[in-house]
Amino acid sequence: MRSTPTISATEMRGINRSAILDIIRRKGPIARSDIVETLQVSLMTVIRIVDELIAEDMVKDSGVKEWTGGRRRPLLEFNSQGHVIIGVDLNESRIYGAVADLAGNIYTEITVPHHTSGSESYELLVQTIDGLLAYAKTTGKNILGIGVGALGITYYDEGVVHWAPTIEWRDFPLKENLHKRFNLPIILDNDVNLAALGETWFGVGQNCSNLVLVIIGSGIGAGIIIDGGIYRGSHLTAGEIGFLLPDRTFLGSKRDGFGALESQASGAIIAEKARKVLADRGSTENLEEISAEYVFDAYRNNEEWAKPIIEDSIGFYSQMLATLAVCFDPDVIILSGGVSKSADLLIEPILKNIEGVIPICPKILVSTLGHRATIMGAIIETLYNTSDFYSVRKLS
């Protein structure tokens, strides 16, 4: 018989710290006694942890006191501007990085074109962080850590990028290498997971405990939030929806790079299909410059050649979102990535396709954070995991 998992004293302390900080962040200014009442923990525990958080500049006296007829009680608030975090989003086309405070206010940001692979990708990433770190030091604020969102299958606990085919990384120990290089706390996670977390805290998912963020670009991936926390799965591959099977003909076809769904409906594939169609039509356009956005614009303008491509893609997206809705029953599904720029052509026909086919049609929204979503998630994950916090979770 398996033994029942137990939580150690250290883990329990981390849970208490995380919970107390989160309460102050969301409900401050707040009194210590109100934290006790909300969390049902002892006053001594709250006093001890709050004192630690004040010493770390995570929490401060708001300057306001509450009076209920007895002693005036000093109220606490989250010190959102006491620290900065360096966040970096690494993908195959660019590296986007920013220095931001804990409220998500961006102090500086940089975008670096990225069309390399292997060790060159790592060196470019390091150069980007070097530049951001130099700026962060000029703010005079404490640098809490560096959060990196990496593409591909990323082992969060080990800090390893297991497989990122577009930059040819296989079992690359990115967290260890960056820690040795910068001697700062490093958080490494899948870029889409962080983007989903960012939408939960700062974007259109702020009032949602359960959501799925779907990014459709050169590939297709999802970040899944359940009860306010990232769901990674037993093997840390939850959300790799690019590997969903469009139909039974894909059974038995092994894939080591892009998945079956990505091979039919990613932004890159939409552009590739368009190039073939236009070449067959004898087009004199520069076909190499054709993008998915170009194809959607052609569809919007009722160009006949674009209709089968886009309508086929809408069918694949309808299957994909119906599957996510049935499996996770989220409050909302958020669309992001390059293809989401054409959401005006997608959402209505998708909902029409799946209405009555599944028990409940999901609410479908477009990301408000866009390319900054991963950085926003990196802020939260770094905040809650570089101060001996137990997990990144919101309290309901």
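The values are calculated or read from the model by the stated rules, or taken from the named source; none is laboratory data. This is a predicted model, so every value here is computed, not measured. As a convention, Cβ positions derive from the backbone with ideal geometry for all residues, glycine included, and neighbour counts pool all protein chains shown. In case anyone asks, the SASA skips ligands and DNA or RNA and just uses the protein heavy atoms, side chains included. Shrake-Rupley method; radii C 1.70, N 1.55, O 1.52, S 1.80 Å.
Comparison of N302, N353 shows that the only residue that is over 24 Å from the mean Cα position of the chain (by Cα) and part of a helix (DSSP H, G or I) is N353.
Residues satisfying the criterion are absent from region 244-256 (criterion: in a helix (DSSP H, G or I) and touching a helix residue (DSSP H, G or I) at 6+ places or on another chain (Cβ under 8 Å)).
Note on region 295-330: residues that are exposed (fewer than 15 other Cβ atoms within 10 Å of the Cβ), farther than 19 Å from L261 by Cα and free of Cβ contacts under 8 Å to residues at least 60 places away in the same chain amount to 6. Given (1) open to solvent by less than 10 Å² (accessible area, probe 1.4 Å); (2) farther than 21 Å from L211 by Cβ, where does I354 come up short, assuming only one miss? I354 satisfies every listed condition except (2). Between L365, L324, the distinction of being of a type in the set (A, V, I, L, M, F, W, C) and part of a helix (DSSP H, G or I) belongs to L324 only. State whether one or more residues within region 178-201 are touching a Phe, Trp or Tyr at 6+ places or on another chain (Cβ under 6 Å), in contact (Cβ under 8 Å) with a residue 12 or more places away in the chain and within 22 Å of I143 (Cα to Cα). Yes, region 178-201 has at least one match. Within region 157-199, the residues that satisfy the criterion of being farther than 16 Å from T128 by Cβ, out of contact with any Gly (no Cβ under 7 Å at 6 or more places or on another chain) and part of a helix (DSSP H, G or I) are T166, H179, K180. Output yes when any residue across region 69-85 is among the polar types (S, T, N, Q), over 30 Å from P165 (Cα atoms) and modelled with pLDDT of 90 or more, and no when none is. Within region 69-85 (the criterion being among the polar types (S, T, N, Q), over 30 Å from P165 (Cα atoms) and modelled with pLDDT of 90 or more), the answer is yes, since at least one residue qualifies.
Looking only at region 112-170, which residues are acidic (D, E) and either more than 16 Å from G87 (Cβ to Cβ) or at pLDDT below 95 (or both)?
From region 112-170, those acidic (D, E) are 120, 123, 130, 157-158, 168; that's our starting set.
Passing the criteria: E120, E123, D157, E158, E168.
When I35 is tested against (1) modelled with pLDDT of 90 or more; (2) among the aliphatic types (A, V, I, L, M); (3) in a loop (DSSP other than H, G, I, E, B), only condition (3) is not met.
Residues in region 246-267 that are within 23 Å of A196 (Cβ to Cβ) and open to solvent by 50 Å² or more (accessible area, probe 1.4 Å): F258 only.
None of I241, I225, I220 is open to solvent by less than 60 Å² (accessible area, probe 1.4 Å), more than 13 Å from I153 (Cα to Cα) and either at pLDDT 95 or above or not basic (K, R) (or both) except I225. Quick check, is N190 polar (S, T, N, Q), surrounded by 15 or more Cβ atoms within 10 Å (Cβ to Cβ) and at pLDDT 95 or above? Considered against the rule, which asks whether it is polar (S, T, N, Q), surrounded by 15 or more Cβ atoms within 10 Å (Cβ to Cβ) and at pLDDT 95 or above, N190 comes out as no. Just one of the listed residues (I314, I290, I310) is of a type in the set (V, I, T) and in contact with a Pro (Cβ under 6 Å, 6 or more places away or on another chain), and it is I314. Within region 268-285, the residues that satisfy the criterion of being more than 21 Å from Y317 (Cα to Cα) and open to solvent by 90 Å² or more (accessible area, probe 1.4 Å) are K276, D280, R281, T284. Among the criteria (1) under 27 Å from H162 (Cβ atoms); (2) part of a loop (DSSP other than H, G, I, E, B); (3) of a type outside the set (G, A, S), the one T284 does not fulfil is (1). Among all residue pairs at least 6 apart or on different chains, which show Cβ distances below 8 Å where the first residue, located in region 278-290, is charged (D, E, K, R) and the second is open to solvent by less than 90 Å² (accessible area, probe 1.4 Å)? These pairs meet every condition: R281/W305; E285/L278; E288/R275. Filtered by the rule that a residue be in contact with a Leu (Cβ under 9 Å, 6 or more places away or on another chain) and under 20 Å from E56 (Cα atoms), region 79-103 gives N79, S80, Q81, G82, H83, V84, I85, I86, V99, L102.
Identification of strands (runs of 3 or more DSSP E) wholly contained in region 83-145 with 2 or more residues that are in contact (Cβ under 8 Å) with a residue 40 or more places away in the chain and open to solvent by less than 40 Å² (accessible area, probe 1.4 Å) yields 83-90, 94-101.
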